[in-house]
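Here the structure is laid out as structure tokens; the discussion comes afterwards.
The values are calculated or read from the model by the stated rules, or taken from the named source; none is laboratory data. Please read all numbers here as calculations on a predicted model, not as lab measurements. Because the Cβ atoms are built from the backbone with ideal geometry, glycine has one as well, and the counts that use them run over all protein chains shown. Protein only, heavy atoms only, side chains kept; ligands, DNA and RNA dropped before computing areas. Shrake-Rupley method; radii C 1.70, N 1.55, O 1.52, S 1.80 Å.
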Amino acid sequence: MSSSGLTRMSKRILDRLEMTTMRSKVEEYRGQIFVWDKASFENAMRAETSEKNVKELSNIWSTKLASQDARQMSIKAFRGRLLSAKQYVRDTKADGYSPATHQIYAVFNYDTIQRIKRDVGKRFTELTGKDSKLVTGRLDKGDVIDQASGSHVGHGEFGSAVSTTKVFAAESVMQTKTSKGNYSNTQAYKNISSRITEYKRSMGVSLSTDHFQEVSARGSLTKKYTPILSEQKSSDNLLDAIGEKEALRILTEAVREEYLFILNQEGSDTLLEGIEATTLHTLTKSKKVKYKGTAKPRAVVKSKGKSKAVKGKITTKQKVAIASGAGATRAKSTKSRASSRVVNKSFSQVKLYAALNAKINAVVAKNMELPGLQYQTGRFASGVKITDVSKTPQGFPSVGYTYQLYPYQTFEPGFAQGSVDRDPRKLIDGSIREIAAQMVTGRLYTRRQ
């Protein structure tokens, strides 16, 4: 029996793991800590230039960082939190921290460090005539990741990566009074909790989150949260990022599967069946129509469990197909390649819509590889949205979708960087078909809205 409360909890956890705004929240957060490995920077520069130039470049770093530190520590609202974070780095000696090689500074935010690093890179080029990427770690087209030079600023050694911050937010959902009190004994809760613990172990994250790394159940950074930044060899940072994304993808997919399982648990009516029945009622009431599907139009669907009744009025973009004369709007279909010529019209539009909407981002991300678009930041994959599932006049499923047109539409044939292989529509079409394969046999059409 599907519990509406348990369903909402699992969906909130999934939403936190898929948050597209977390990176900007972390990077823009005011009052951060930067752990600068002065010794490593100077040793790297000695391989590129004279000792005199090394000292000048190192002095730019330390002078600008000291100025930032004085400014941030003078802000009363930040001081206590920043002092605690500095002490944490000293006490834990994270990844070999030593006062002989590292210096700890308070800075405004992530962009502050990036600006200082660009200033150092610019001066490096002026002094040596060499490319500034030997300092900044900039990647140009054709560069090999594991041979990347310079350094990147990130959370790799001392703080928590953005992906891990998302996991902290998801974990906070599970730690609310309601979640623990009502669902901690359910198998779904235990399964998700186990997956989060597995993620944290794989990422080397302490199983108990430190007080200044707290994230609320709503996905907001608390007033005690302090991002801890450090410089890391560019190749290591990029490879770590790939590992972090893969670990988060595995966790997100596991939670998504748990969420879909809860939605489809057997009972007098699953949640999806209830939605389908009440949506049909909204579209067919007061009309003499015939419907050949399995669902029956009902104003209210009641469950024998503790879950709340699903009420009749539902706001949804889902277009449920009904017989002629029902007054439902038919979607205009733009033909895409048919998966086969076998006709099978017995599919549930609501269930197909729910499955596509739940899985599309993860499947698109998984399928982003050469010769098509490659997965880098996750922005494209997370921007793909399923808008509706309708039926063509012949009864075949037609799936509407959108994606972030800027800057990705440039890869559609006919645009500036148009390419048959890198066409975003081709990638999304294939991902939709992959998800729908277990629910639909026969022709399926996709259309970009």
Check your understanding: Whole number please: convex hull volume per residue of the Cα set in region 1-93, in Å³?
Key -> 190 Å³
Exercise for review: Could you sort out which of Lys52/Lys93; Lys130/Lys245; Lys166/Lys359; Lys11/Lys224 sit more than 24 Å apart by Cα distance in this structure?
Suggested key: Lys52/Lys93; Lys130/Lys245; Lys11/Lys224
Check your understanding: Say the dipole of region 359-421 comes from +1 at the beta carbon of Lys and Arg and -1 at that of Asp and Glu; which of Ile360, Thr402, Ala416 then lies farthest toward its positive end?
Key -> Ile360
Check your understanding: Under the Karplus relation 6.51 cos²θ - 1.76 cosθ + 1.60, θ = phi - 60°, what is the ordered set of whole-Hz ³J(HN,Hα) values for region 118-132, x standing for Gly and Pro?
Key -> 5, 4, 5, x, 4, 5, 4, 5, 5, 7, 10, x, 8, 5, 5
Practice item. Could you work out the Rg to Rh ratio of region 29-144, with Rh taken as the Kirkwood radius (inverse of the mean 1/r over all Cα pairs)? Key: 1.01
Practice item. List the residues whose amide H sits under 5 Å from the amide H of Thr446, counting only those 5 or more places along or on another chain, with H placed 1.01 Å from N in the peptide plane. Key: Ser336, Val399
Revision key, fill the gap. Simple spin-label estimate for Thr101/Arg46, 7 Å along Cα→Cβ, in nm, reads 1.3 nm
Exercise for review: Tally up the carbon and sulfur contribution to the accessible surface of region 1-122 as a whole percent, 1.4 Å probe, everything protein left in place.
Suggested key: 49 percent
